[in-house]
Amino acid sequence: MSAILGYGRYTPARRAADEDTLTMMLAAAQPALQAGVLPDRLALASMTLPYKRRVQAGMVAGALGLPTATFCLECTTSARAATEAMRALGTGLVVAADGNHAAALLLGDEGPGAPATVREARSALAEYPGLDFVLAGEQAVRDVQVPDYAEFAYVDLVRTAAAGLKADILALNPPQARLGKIGARALGFKDPVLAPEGAGAAGPLLALIAALDKATAGQHVLLVSYGSGSAADALLVQKGGG
């Protein structure tokens, strides 16, 4: 498993005229790198990267002073993108941004002194057509707009991904706040930490960071990251390392 060596977040009250997803990623990543570690693996997670056809991780890596040999990964199709990147990257820097929100996690090999440690990671995948999608070449978000269907899909994937994992605090990135409350009840929690509305791919990281801020040393946070379509990742993260 990986240790979370540092993290950062950036949520301006209002995005400046010269800000885009990439500049927000940089603002979130810089605090995560204050430990002085320069990773050789970088993942971007966003549904609103400014270019549709370009390797944009190189722009972020260059601005952060990462090695030219840095391996890059870009996950772009759902609000689950950040945990998708975490699981695929293993160790390195994961940065995510959408809307007016950005967050970053620096992942390293497990060891003492880390702010947090990923103890277990699981995923669940199932096809639920018609949930929150955009066709290639279009801008409008489509959805079947059937509340019961969305609720069933969300609860099914969240519960499947998190099955058997026990924690003190639950962190979620639900498509809607009401689904977060329903999902929390299904997992046996009353007061979950929810990602900010409209945070998109940054939501899972922001929810995890907020939950870690709330946790005490030794406590476990269960982050369940959901992407419409549907897929979910469940990460059991312990505050502290060793």
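Quick notes on this one:
- Most fluctuating residue given options Ala150, Ala163, Ala232, as computed from a GNM of the chain linking Cα atoms under 10 Å: Ala163
- Between segment 175-208 and segment 86-163, the alpha-carbon centres lie 11 Å apart.
- Net charge, Ser225 excluded, C-beta distance under 10 Å - Lys, Arg +1, Asp, Glu -1: 0
- Beta bridges by DSSP in the chain, antiparallel share as percent, to the nearest 5: 70
- Between Val94, Val141, Val158, the Gaussian network model of the chain with springs among Cα atoms under 10 angstrom shows the greatest mean-square fluctuation at Val141.
- Helix-only [θ]222 nm of the chain, DSSP H runs n ≥ 4, -39500 (n - 2.57) each, per residue, nearest 500: -8500 deg cm²/dmol
- Solvent exposure, largest accessible area first (probe 1.4 Å, DNA, RNA and ligands not counted), of Asp109, Asp20, Asp40: Asp109, Asp40, Asp20
- Contact order normalised by residue count of segment 175-242, Cα under 8 Å, 6+ apart, percent: 22
- Summed residue charge, Cβ within 10 Å of Thr216's Cβ, Lys/Arg positive, Asp/Glu negative: +1
- Highest mean packing comes first when the peptides 125-138, 4-17 are listed by Cβ atoms within 10 Å, giving 4-17, 125-138.
- Candidates Ala162, Ala116, Ala177: whichever shows maximal mean-square fluctuation once the chain is modelled as a Gaussian network with Cα springs under 10 Å: Ala177
- Within the accessible area of the chain (1.4 Å probe), percent carbon and sulfur: 52
- Accessible area (Å², per residue) of the chain, counting only protein heavy atoms and a probe of 1.4 Å: 46
The values are calculated or read from the model by the stated rules, or taken from the named source; none is laboratory data. Please read all numbers here as calculations on a predicted model, not as lab measurements. So basically every Cβ, Gly included, is an ideal-geometry build from the backbone, and we count neighbours across all protein chains shown. These accessible areas exclude ligands, DNA and RNA; they are computed on the full protein's heavy atoms, side chains included. Shrake-Rupley method; radii C 1.70, N 1.55, O 1.52, S 1.80 Å.
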